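Below is one structure, written out as structure tokens; comments come after it.
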Amino acid sequence: MAGSSFGKIFRITTWGESHGPALGCVIDGCPAGVELSESDIQPFLDRRKPGNAAVATARKESDICEILSGVYEGRTTGTPISVMIRNSNQHSGDYDELKDVFRPGHADMTFDAKYGIRDHRGGGRSSGRETAARVIAGAVASKVLSQLGIKVEAYTRSIGPVESDLSDYSRSAVLANATAMPDINANARALEYIADLKTKCDSCGGVMECIISGVPAGVGDPVFDKLDALLAHAAMSIGAVKAVEIGDGVLAASSTGSRNNDSFKALQSGRIVKRTNHSGGILGGISDSSDIRVRCSVKPTPSIAREQKTVTKDGENTVIAIKGRHDPVIVPRAVVVLESMCAITVLDAMLNGMSSRIDNLVTIYKK
Ligand SMILES: Cc1cc2nc3c(=O)[nH]c(=O)nc-3n(C[C@H](O)[C@H](O)[C@H](O)COP(=O)(O)O)c2cc1C
């Protein structure tokens, strides 16, 4: 299958199906010398796995990672890093009835149209479970970025109609709240909303946002590989993400030039900063040193227990009510996936940017 790799220098390839024996990620192009062990990756995976029954499926995915290559005596060697997660607790039988039926809102019909064969169990390659492999690479990228003073942090902005109050943003609340919202009140209201939807056999969507801080000015390219274009590609490749915005995003269309432009200011140090950040940290495809803001709209979980009209593989009209264990809302578990895709993208853009000036080559190579 084409299209399972992402990035140019820090290049990741994910593999494996939801109900196969294992899945994982191969990361090529990670610099040598990075201290790395499973304990750097596991906390990221723990944030993605289902756990909180209120917002996530009752599925128990233990998601324990094993580093198979690319690390020697606790440090990366510069060779491909391969990390695997063995699948367990799959309950493939839950999917027997779906073998020949296309689930509305899923990739079943389109995947079949393309390949003519698919592992239908748990969504196979199109499953949200594939994102566990991205989170492995995201943990590694975040570790490298942290050595450069760069932080990548995502959170839930809204679930259904419930919006977070961002005036009191707290990272510890994001990590503690079942919804990954930074606000305790919004978390409580969102949980009530989700509980009500569950009684109606329905699901909802929401918005998640990632803030990347500490990226210096000058990262990204001016034409096809604009940093915002790469981030949009990265974010939109996450299942169920339906729109991506950078900075003010769609609101910029109804603003005016005088409001939307971010005025510059020179600091005493000579550093140039912006007085506002409508641009979301990127101008002309290149980072401007302000926080980079990436916001994603996520659709409602397609698997719902309510009866829906559909068709079989043979073109018969039928109805379906999806059994099995599904998240009533995807956003809380997708937050760490967005964070991971942003970290991978920014690190790759930074590694690419190292060849943009002769001075960089002189610094590295001239003895
Ligand atoms: C982390 C994550 C978990 C997901 N979990 C579920 C789930 O439990 N049930 C479900 O129906 N869809 C889930 N999805 C969404 C589907 O994978 C996705 O909507 C589907 O493959 C169709 O792709 P599209 O929505 O991008 O068109 C999940 C997505 C992500 C990113």
Under a cut-off of 17 Å between alpha-carbon atoms, report the lysines in cross-link reach of Lys313, not counting same-chain residues fewer than 8 places apart. Lys99, Lys114
GNM on the chain, C-alpha springs below 10 Å: top fluctuator among Thr77, Thr199, Thr310? Thr199
What list do you get for Leu45, Leu231, Leu98 if you sort them by fewest beta carbons within 10 Å? Leu98, Leu45, Leu231
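Could you work out the helix-only [θ] at 222 nm for the chain, with each DSSP H run of four or more residues adding -39,500 (n - 2.57) and the total divided by the number of residues, to the nearest 500 deg cm²/dmol?
Result for the chain: -8500 deg cm²/dmol, rounded to the nearest 500.
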Pick from Met354, Met109, Met341 the residue whose mean-square fluctuation is largest in a GNM of the chain, springs joining Cα atoms under 10 Å. Met354
Site Ser170, offset 7 angstrom along Cα→Cβ, radius 20 Å on amide nitrogen, limited to the range 191-219, gives 191-192, 209, 211
Let me check against my output: what whole-number percent is the relative contact order of the chain, with C-alpha pairs under 8 Å and at least 6 apart? 21 percent
Please arrange Tyr169, Tyr193, Tyr115, Tyr155 by how many other C-beta atoms lie within 10 Å of their C-beta, fewest to most. Tyr115, Tyr169, Tyr193, Tyr155
To the nearest 10 degrees, the tilt of helix 184-199 (Cα long axis) against the first principal axis of the alpha carbons of the chain is 30 degrees
Crossing angle, helix 227-236 versus the chain [Cα axis fit, 0-90 degrees, rounded to tens]: 10 degrees
Of Ala132, Ala107, Ala240, which has the largest mean-square fluctuation in a 10 Å C-alpha GNM of the chain? Ala107
What distance in nm separates the simple spin-label points at Ala217 and Glu163, each placed 7 Å from Cα in the Cβ direction? 3.2 nm
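Going by how many other beta carbons lie within 10 Å of each one, how would you line up His233, His19, fewest first?
Lowest count first: His233, His19.
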Want the number for Ala188 to Asp359: 0.36 nm per residue separation, take away the alpha-carbon distance, what's left? 56.2 nm
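Taking a 32 Å limit on the Cα-Cα distance, which of the listed pairs Lys49/Lys242; Lys265/Lys367; Lys143/Lys323; Lys200/Lys226; Lys49/Lys309; Lys49/Lys200 fall beyond it?
Numbers: Lys49/Lys242 22 Å; Lys265/Lys367 38 Å; Lys143/Lys323 39 Å; Lys200/Lys226 43 Å; Lys49/Lys309 30 Å; Lys49/Lys200 24 Å.
Pairs exceeding the cut-off: Lys265/Lys367; Lys143/Lys323; Lys200/Lys226.
Bear in mind these aren't lab numbers, they're just calculated from the coordinates by the rules spelled out. A quick note: this is a predicted structure, and the numbers were derived from the prediction, not measured. So basically every Cβ, Gly included, is an ideal-geometry build from the backbone, and we count neighbours across all protein chains shown.
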